[in-house]
Structure formats: structure tokens, C-alpha cells
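Student: Mind having a look at this structure? Questions to follow.
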Amino acid sequence: TFGSGVYAISPTGVIKHFGEHNGLPNDNVLAVRSGFGTVWCATLDGLAAYDERTGKWKNHANSGPGFVYDVVPRPQGAALAATDGNGVVQLDSMGKLITFKNGGSRTYYMMAMQGEDVWAAGPGTGLCKVGKDTMLCDGKDRVPFGDELFALGSSGNRLVAFGAKGVTAFSPATGSWANISARVG
């Protein structure tokens, strides 16, 4: 939630509330993703990780990413984060912040997985493949990247980006783009 922390609902219907009162470093959460035994939260103060094995929060807010829009868990307690002002960053398993070399935007709103690859998008960026230490971007002049960007997801073997000016599908395997705005209304 934005302002009330995180709620976890078990398959049996039990609801747990996590907030600043019990270890979450910031109640303003913009994204939650889980993987590799950790639940990651993107907050206005940075990243927070909940270790499902220990039941404890680890605050990464002071590691430097600042305002985080989205997070993608990686193996061994690492995570990628889409930030406002610092681009895409990686928090490694030791808590060290690694920035990516790119000449583009310093703001990314969202990330999506396509196979093992992570892709990021933000205002005017196009789709950016997150490499080991670089970002390769393409399509910044395509719909919807020149205006407001609302969502990025993976469907089948394509990435789909939704924005104020339309919807685009991209196939990483073939490098082909398709404006599907008319098909989705």
C-alpha cells in the first residue's frame, strides 16, 4: 500500500500486516516481489527485504537507491531496482549498490522478466535490457515511450508496454516490434 505498509494473505486467509511498527522501514510501498526466499519491497526510502526463513526485515534504505519504483529479486539475496534519479541499480548479496552504465534516463518506472533476462522502462527510455553492468536500450521513439508509461509485462515470448499513447509488443528473440494499440482498444 501507499501509506499503510504491506499485507500478506496466506492461502488459509490469515492476514499479516507489516509496517514501520514491526520492521518495514517505510510504509509507502510502490512494488512488492518475491523470489529466492525473500520478499522485496520498493519504497520511497529505498529497498526492504523480508527473509521468509527468519521472519525478519532487512532495511537497505541507506544503501543509496532512494525512491524505488520497482524491484526484481535475484539469487543469493541480490535485487535489481528501478529508481527515480539513479537509473537501474543492483543491490548485491553483500548490500553493495552497483549502478549500470547507460547514457539514458536516470528514471525507470518498471521492470519485467522475459526468460532469464530483466528489462526496464521509464519515460523516454524505450525497452532496456539489463546486462551484467550495462543497459542496452531500443525503441525510445516508439509508442508508448514518448509519453506516460503505465505498465510493462511479459506475455508468452513478448514484452508488452502500455502507455497514454498506446500499447507496443516487443519480441526479444526476433527483435520485432508491433504497435498493438488498436487490437487492445
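Student: Summing +1 for each Lys or Arg and -1 for each Asp or Glu, what net charge is found among the other residues whose Cβ lies under 10 Å from the Cβ of M111?
Tutor: 0
Student: Any chance you could run the full-extension gain for L136 through T99? It's 0.36 nm times the residue separation minus the Cα-Cα distance, nm to one decimal.
Tutor: 11.9 nm
Student: So, one more: Just to confirm a number: summing +1 for Lys and Arg and -1 for Asp and Glu over residues other than F162 whose beta-carbon lies under 14 angstrom from that of F162, what do you get?
Tutor: Summing Lys/Arg as +1 and Asp/Glu as -1 gives +2.
Student: Is segment 32-128 rounded, prolate or oblate when judged by the Cα gyration tensor, a ≥ b ≥ c being the square roots of its eigenvalues, rounded requiring a/c under 1.5 and prolate requiring a/b larger than b/c?
Tutor: prolate
Student: Okay, next question. I need the peptides 10-20, 149-159 ranked by packing, meaning the mean over residues of other C-beta atoms within 10 angstrom, with the highest value on top.
Tutor: 149-159, 10-20
Student: Name all residues of segment 18-44 having a backbone nitrogen under 19 Å from the label point set 7 Å from the Cα of A61 along its Cα→Cβ direction, giving them as ranges.
Tutor: Hits in segment 18-44 for A61 at 19 Å: 18-33, 39-44.
Student: Something else about it: Give me the net charge for the shell around A79: Cβ to Cβ below 13 angstrom, other residues only, Lys and Arg +1, Asp and Glu -1.
Tutor: Here the count lands on +1.
Student: Which of the peptides 93-100, 52-59, 72-79 is most tightly packed, and how do the rest follow, judged by the mean count of other Cβ atoms within 10 Å per residue?
Tutor: Most protected by this proxy first, the peptides run 72-79, 93-100, 52-59.
Student: Can you give the accessible area per residue of the chain, in Å², using a 1.4 Å probe?
Tutor: 51 Å²
Student: Treating cross-link reach as a plain straight distance, find the aspartates and glutamates whose alpha-carbon is under 15 Å from the alpha-carbon of K140, omitting any fewer than eight places away in the same chain.
Tutor: E148
Student: Taking 0.36 nm per residue of sequence separation and subtracting the Cα-Cα distance, how much length would be gained by fully extending the chain between S4 and D92, in nm to one decimal?
Tutor: 28.9 nm
Student: In whole percent, and with a 1.4 Å probe on the protein chains, what portion of the accessible area of the chain is carbon and sulfur?
Tutor: Carbon and sulfur atoms account for 51 percent of the accessible area of the chain.
Student: Next up: Using a Cα-Cα cut-off of under 20 Å, which aspartates and glutamates could be cross-linked to K96, ignoring same-chain neighbours fewer than 8 residues away?
Tutor: Straight-distance partners of K96: D45, D51, D70, D84, D133.
Student: Mind checking the dipole of the chain: about its Cα centre, +1 per Lys or Arg Cβ, -1 per Asp or Glu Cβ, Debye to the nearest 20?
Tutor: The calculation lands at about 280 debye.
Student: OK, next. Computed from the coordinates I sent, percent of Cα pairs over 28 Å apart equals one of [x] 32; [y] 55; [z] 26. Tell me the label.
Tutor: [z]
Student: About its Cα centre, what dipole magnitude does segment 114-174 give when the only charges are +1 on Lys and Arg Cβ and -1 on Asp and Glu Cβ, stated in debye to the nearest 20?
Tutor: Computed charge dipole of segment 114-174: roughly 100 debye.
Student: Nearest 500 deg cm²/dmol is fine: what mean residue ellipticity at 222 nm does the chain get from its DSSP H runs of n ≥ 4 alone, each adding -39,500 (n - 2.57), divided by its residue count?
Tutor: -500 deg cm²/dmol
Student: A further question on this structure: Hey, in the chain, which Cys have no second cysteine's beta-carbon closer than 4.7 Å?
Tutor: So far as the 4.7 Å Cβ criterion goes, C41 stand without a partner in the chain.
The values are calculated or read from the model by the stated rules, or taken from the named source; none is laboratory data. Predicted model only: the values in this text are computed from it and were never measured. Every residue, glycine as well, gets a Cβ built from its backbone with ideal geometry; the counts of neighbours run over all protein chains shown. Quick note on the areas: whole protein, heavy atoms, side chains included, nothing else; ligands and nucleic acids left out. Shrake-Rupley method; radii C 1.70, N 1.55, O 1.52, S 1.80 Å.
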